[in-house]
Amino acid sequence: MTAKNILDAASLAKWSIDIFDSLNEGLLIADKDGIVQYVNDQYLRIIGKKADEILFRKLAEVRPGAILPTVIKTGQGMNGVYRTDGKVEYIVDMSPIIVAGEIIGGVSIIRDITEVQKLSAELSRAQNRLRDLQGTVKEILSARYTFDDLVYNNAEFRACVTLAERAAVSDANILLQGESGTGKELIAQGIHNASARKHRPFVAINCAAVPVNLLESELFGYTEGAFTGTKKGGKPGLLHLADGGTLFLDEIGDMGNDLQAKLLRVLQEKRVRRVGELEEKEVDIRIICATHQDLELMVEKKNFREDLYYRINVFQINLPPLRRRQEDIPLLAHHFADSRSSAQKKVFKISAEVEKIFLAYDWPGNIRELRNAIEFACNVVTGDEILPEHLPRRILAQSDLDRFLAGGTLAQRVKEFERQNILQLLRIHGDNTAGKKKVAAILGISIASLYRRLQGTYHL
Ligand SMILES: Nc1ncnc2c1ncn2[C@@H]1O[C@H](COP(=O)(O)OP(=O)(O)OP(=O)(O)O)[C@@H](O)[C@H]1O
């Protein structure tokens, strides 16, 4: 027996009203003339009216713009109609009430979405904030490299690593000097990872890459409205984000004078204040600075603050350029070729000729240039051996120039020129018997003469 059967009509009506009253949605029932016969408390709460302002009145009069009278007239229900009433926003579903094929009224169910809207606005604000933070966090690198990743044999570089290891266990600020691409950031990461701060953030910023007017807000952050164009909720500075960890300030020589003074204050007071904020926050940061410039000279010329120079220069490590690390050139070249081999799942070998060119080259871009040269060659080479012609033009041009300058007498130069021409043709036609025959024919010489010219054993 169902519940329907045990209730009499009066009980059932009462029970229905109790159910309507306890709904979370607002409910309004109108008769076929559009007169409101029932409205629950939720409905009244959502639209902000009292029962006697609505009940037993013509809906079209008390709620101008109401659609329910049309639904009752046409018998066509409507769902998801968006309506606003003052500050309240709600969604309405309307249906005609049809009994025995006849429309006897209509029902309207409303759901307050103001709260939903508020939450969704809140959500989109939070999402924007997250995006901002992600932008900032991009600069936070969990330092990947350790001292074990350094490839070297050179004594001068070894002394630098030893000093870096000592500096790592102290908590002093460090200044790394060296030409671009000599491994300053790698050493900075190594120091961080060998220090007690290794589980805290390693935050890196290149002072030369950020426009001068933005560098302050990147480092110190700002509060919302601190200046025009601030982001909602403001922005934390890298000095806050590096709290407990290491801040790597690359190209410190490019930092403007005003900012140098502010950084000095942070180092002295160990407190940071966001732009536009009154309150200061305590921070605990180790600073590692790097520069390719001669900071001491800059201090002499008054282009860098002397007091800041002494603060950041507790440990000074001067990384040698690659051309002063001759024995490391082949070592690093093979190391980078091996890395490409594992990345491309293909073996790359460096020819003896290329090694010679590398040793003769002066590497103005240092290790970064060497790594790029190997990557370039690995992309160009079709076989597995990297030959001179696979190298970037810049390196080849210098090696050609060196050869030209050291080329000897006219006879020696002519012989070398002939040899290079023959080698080039053999690369094209094949360095085998058939290729040699073809090249000899093209040059109009005998095959024996071709061999002699290749070996340089002939007289001009
Ligand atoms: N000793 C080393 N062993 C292996 N790779 C190295 C070594 N030193 C540097 N590298 C590689 O050389 C490249 C340049 O190094 P890094 O970015 O540390 O130089 P940098 O001196 O900080 O350059 P810049 O001054 O231009 O920022 C990186 O790819 C790094 O991995």
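Readers should treat all values here as calculations from the given coordinates under stated rules, not as data from a laboratory. In this text, all values refer to a predicted model and were calculated from it rather than measured experimentally. So basically every Cβ, Gly included, is an ideal-geometry build from the backbone, and we count neighbours across all protein chains shown.
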#### Entry: For the chain, calculated [θ]222 nm from helices alone, where every DSSP H run of n ≥ 4 adds -39500 (n - 2.57)
-14000 deg cm²/dmol
### Message
Along the Cα→Cβ direction, 7 angstrom out, place labels at GLN398 and THR70. What is the inter-label distance in nm?
### Response
7.9 nm
### Summary
Mean 1/r over distinct Cα pairs of the chain, inverted to a Kirkwood Rh in Å, yields 30.3 Å
### Query
Amide H to amide H under 5 Å from GLU277: which residues, 5+ apart in sequence or cross-chain, H placed 1.01 Å off N in plane?
THR223
### Query
Is there a pair in LYS184/LYS345; LYS349/LYS437; LYS87/LYS118 whose C-alpha atoms are over 22 Å apart, and which pairs would that be?
LYS184/LYS345; LYS349/LYS437
### Message
Test of understanding: extend the Cα→C-beta vector of GLU115 to 7 Å, then name every residue of segment 33-59 with backbone N under 17 Å from that spot.
### Response
41-48
### Task
Please work out how much length the chain gains when fully extended from GLN293 to ASP362, using 0.36 nm per residue of separation minus the C-alpha to C-alpha distance, in nm with one decimal.
22.9 nm
### Query
Here are some pairs, LYS281/LYS301; LYS198/LYS281; LYS346/LYS415; LYS14/LYS73; LYS262/LYS302; which of them have Cα atoms lying more than 25 Å apart in this structure?
LYS281/LYS301; LYS346/LYS415; LYS14/LYS73
### Summary
Residue by residue through segment 287-293, the couplings from Karplus 6.51 cos²θ - 1.76 cosθ + 1.60 with θ = phi - 60°, in Hz, x for Gly and Pro, are 9, 10, 9, 9, 7, 9, 8
### Task
Taking GluC sites (Glu not before Pro) as candidate sites, keep only those in a DSSP loop with at most 13 other Cβ atoms within 10 Å, then name the longest stretch of the chain containing none of them.
1-223
### Message
Can you tally the net charge around ARG427? Count Lys and Arg as +1, Asp and Glu as -1, for every other residue whose Cβ sits under 14 Å from the Cβ of ARG427.
### Response
-1
### Summary
Nearest 10, in degrees from 0 to 90: the angle of helix 184-193 to the longest Cα principal axis of the chain is 60 degrees
## Note on the structure
Low-density loop chymotrypsin sites (Phe, Trp or Tyr not before Pro), segment 227-304, at most 11 other Cβ within 10 Å, DSSP non-H/G/I/E/B, are PHE227
### Query
To the nearest 10 degrees, how steeply does helix 433-443 sit against the main Cα axis of the chain, on a 0 to 90 scale?
70 degrees
### Task
Using only Cα atoms, find the angle between the long axis of helix 257-269 and the longest principal axis of the chain, and express it within 0 to 90 degrees, rounded to the nearest 10.
80 degrees
### Query
How far, in nm, would the chain grow between THR433 and GLU53 when pulled straight, counting 0.36 nm per residue and subtracting the alpha carbon separation?
126.0 nm
### Query
DSSP loop trypsin sites (Lys or Arg not before Pro) in segment 59-97 with at most 15 other Cβ atoms within 10 Å of their Cβ, which ones?
LYS87
### Task
Give me the distance in nm between label points sitting 7 Å out from Cα along the Cα-to-Cβ direction at ASP307 and ASP284, one decimal.
2.6 nm
### Query
Over the chain, what is the relative contact order in whole percent, taking alpha-carbon pairs under 8 Å and six or more residues apart?
11 percent
